[in-house]
1. Going by the structure shown, is Thr81 farther than 23 Å from Pro281 by Cβ and among the β-branched types (Val, Ile, Thr)?
2. Take the stretch 470-490 and flag every residue that is among the aliphatic types (A, V, I, L, M) and either outside any strand (DSSP E or B) or touching a Pro at 6+ places or on another chain (Cβ under 8 Å) (or both).
3. Within the stretch 201-212, does at least one residue satisfy the condition of being closer than 23 Å to Lys159 by Cα, part of a helix (DSSP H, G or I) and within 33 Å of the chain's Cα centre (by Cα)?
4. What about Lys536, is it of a type outside the set (Ser, Thr, Tyr), farther than 30 Å from Ile469 by Cβ, buried (at least 16 other Cβ atoms within 10 Å of the Cβ) and not assigned by TED's automatic domain parsing to the domain that holds Tyr475?
5. For the stretch 500-538, which residues satisfy the criterion of being in contact (Cβ under 8 Å) with a residue 24 or more places away in the chain, over 14 Å from Cys572 (Cβ atoms) and in a loop (DSSP other than H, G, I, E, B)?
6. Look through Thr580, Thr607 and report the one residue that is surrounded by fewer than 17 Cβ atoms within 10 Å (Cβ to Cβ) and either among the β-branched types (Val, Ile, Thr) or assigned by TED's automatic domain parsing to the domain that holds Ile86 (or both).
7. Working only within the stretch 260-281, note down all residues that are at pLDDT below 95 and of a type in the set (A, V, I, L, M).
8. I'd like to know if the stretch 31-53 contains one or more residues that are within 15 Å of the chain's Cα centre (by Cα), more than 25 Å from Glu526 (Cα to Cα) and not small (Gly, Ala, Ser).
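The values are calculated or read from the model by the stated rules, or taken from the named source; none is laboratory data. Here the structure is a predicted model, which is why all the values come from computation and not from measurement. Backbone-built Cβ (ideal geometry, glycine too); neighbour counts: all protein chains shown.
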Amino acid sequence: MRRDIQALRGLAIVSVLFYHLEFSQVQGGFLGVDIFFVISGFVITARLDRGDGSLSKQIVDFYQKRLKRILPASLAIVLLTGIGSIYFVSSLQLKSIAHDALNSSLFSANIGFLFQQNNYLAATSNSSPFLHYWSLGVEEQFYLVWPLAFFFFFKKKKKLIPVFFLLTLIFAFWLTSVNSLDSFYLPFSRFWEFLAGATIATIAPSKLSANLRKFLGTLGWLVMIVSVFLVSTHNATPGITTLIPVFGAALVIWSAWEFRRYSPLVWLGDISFSLYLVHWPIIVFLYSQGVQPGIMKQMTVLLLSLFLAVLSYKFIENPFRFNKKLSLSLPRWALVVAIVAGGSFTGVSVAASHASLNLKNVTIDTSSPIIYANGCHLDLNVDWPKGDCAFGDLTSATSIVLAGDSHAAQWFPVLEQLAQERHWKLIARTKSSCPAMFLATIRLGSVDKSCAKWQQLLAADINKLQPTILIIANYSQNRYELVNDVLDYNSAWNQGFAEFIGALKVDHSKIVLFGDTPRPTANIPECLTLKVNANKRTACDFVNLLTSTSMSAPTLAAQLHVNFINPVPWFCTSTKCPATSGGVNVYRDGSHLSVTAAKSKSGQLLTAFKRFKLS
């Protein structure tokens with residue numbers, strides 16, 4: 001076993017672990033997964049190239065060894081994570097977690113999270129405890145395809161592997177520019193990383209001098225370490241910056257230069273697979289129990305993860321990997337996978353169906369405004385609604401346009417209620433993660449072209465509609481990633497809004513800017529339904545804090561001569577925001593008002609409209 005490759009695995013797992021523990025200095029720690037991909041491509045290709053015997057024997061031997069290496073630990077952690085979820089995670093999450101357990105067992109978690117539009121790079125404590133299984137899905141899908149491709153084509157035409165590497169690299173970069181989330185999760189946009197390792201496996205460095213090996217190896221290590229510290233989630237992934245750690249890992253492997261100073265990394269590399277499997281569920285479970293961020297939480301996760309990883313390595317990984325008595329045929333492995341997949345899915349699903357919400361006299365409302373279901377609230381890659389998205393009295397001379405991102409959409413239920421009661425015509429113009437202003441944003445490392453197009457179409461549409469009242473609300477408690485970072489964030493935000501208002505041919509006295517609602521520190525329904533918070537109504541209350549962007553909104557509105565409504569006092573005191581009000585959760589998630597809470601403020605909203613002579 002090459003110590004340098006084990007040390008590479010050690011660096012990769014440390015990077016991922018520190019990234020998940022939110023060490024701010026290791027902002028590129030997610031690139032550790034890319035290093036793992038390069039290692040896998042090299043090791044697997046080298047092993048395939050050394051194989052002998054009949055073709056069928058080599059294929060069967062390969063899959064049996066892979067299954068012995070991967071399945072025991074990964075399936076054991078699936079079962080344990082499923083059991084842990086029943087006890088530690090909100091009952092509201094169990095239904096989706098059951099599907100995640102099923103996908104993880106079948107090594108299709110990456111596809112499952114893609115369908116959920118789950119952004120791994122924006123993972124939080126409320127994320128699935130199976131989220132990290134996405135990379136195992138990609139890896140196993142590569143293992144499914146590559147041996148057959150290698151044996152039937154590339155083994156005799158190894159010079160074509162670099163060509164195939166370049167083609168898949170170009171495809172990945174193109175897909176990232178078109179749809180970065182698809183590119184992140186889909187295996188075909190990740191194969192180039194494995195093929196980088198496969199290319200190295202076919203190029204022997206035997207003619208390199210010891211000094212040149214040392215230079216290349218040192219350079220590779222420096223490149224990877226620098227990328228882990230300097231690359232961030234703001235960069236497109238996979239993209240240009242992904243090439244940096246991939247190049248570094250390839251250099252280290254190709255140089256085959258070993259030195260003894262990284263023995264701790266070699267040891268971490270030995271347990272890296274088990275450590276990768278156990279650390280993320282521990283983080284999710286500890287967060288769910290109210291463990292506060294900080295050094296104590298980080299040290300707890302580190303020590304507990306190392307302890308469990310050693311146990312898994314010693315009692316699960318190695319016995320199944322090296323003990324011939326524990327060998328299973330391919331059909332029996334398939335049966336084991338089916339049992340674990342079915343058992344974990346059924347067990348968590350049953351727990352979900354029998355779970356109580358743990359709170360007395362509190363109704364949990366997690367429903368979304370109807371415009372999410374009927375297509376009027378636009379998804380990330382949709383530029384414009386297909387219908388007119390008009391509600392209330394469609395013949396009314398009084399028309400209201402609601403414009404903005406999802407924090408405008410959260411007000412739709414109460415506005416629709418008022419529109420029906422007072423015979424107004426309500427038109428919805430909202431889009432996820434896209435504020436109603438001229439503000440060029442970046443999403444998943446790429447310019448959000450859909451948002452930019454929608455902002456232009458929105459201004460033109462408002463000018464065409466000439467509404468009686470224009471309500472604009474945006475998520476100012478969040479920091480959008482901006483294309484133009486010359487200005488400070490507040491200046492860019494205010495300038496973008498001012499330019500948008502300036503482009504509107506609407507009387508400013510008819511424009512209302514809604515202030516943003518405070519951001520909870522947790523997903524409120526999930527927090528309320530945790531067992532640890534049973535019958536504790538105030539356990540999920542949070543401090544009333546506004547960002548400087550939110551606090552500057554009244555001044556901005558005054559400067560532009562538009563009306564301003566501050567909804568914060570409707571839900572919070574000067575210092576605290578209750579998680580429940582009137583026996584219902586105020587927020588439906590970790591950001592948006594519940595439908596019930598929004599509707600409860602019809603009186604306050606109507607009073608504000610009358611104050612501005614808008615009703």
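1. So Thr81 fails the test.
2. Within the stretch 470-490, Val483, Val486, Leu487 qualify.
3. yes
4. Judged against the criteria, Lys536 is not a match.
5. Matches in the stretch 500-538: Ala503, Leu504, Lys505, Val506, Ala522, Asn523, Thr529, Leu530, Ala534, Asn535, Arg537.
6. Only one candidate passes the filter, namely Thr607.
7. Result: Leu265, Val266.
8. yes
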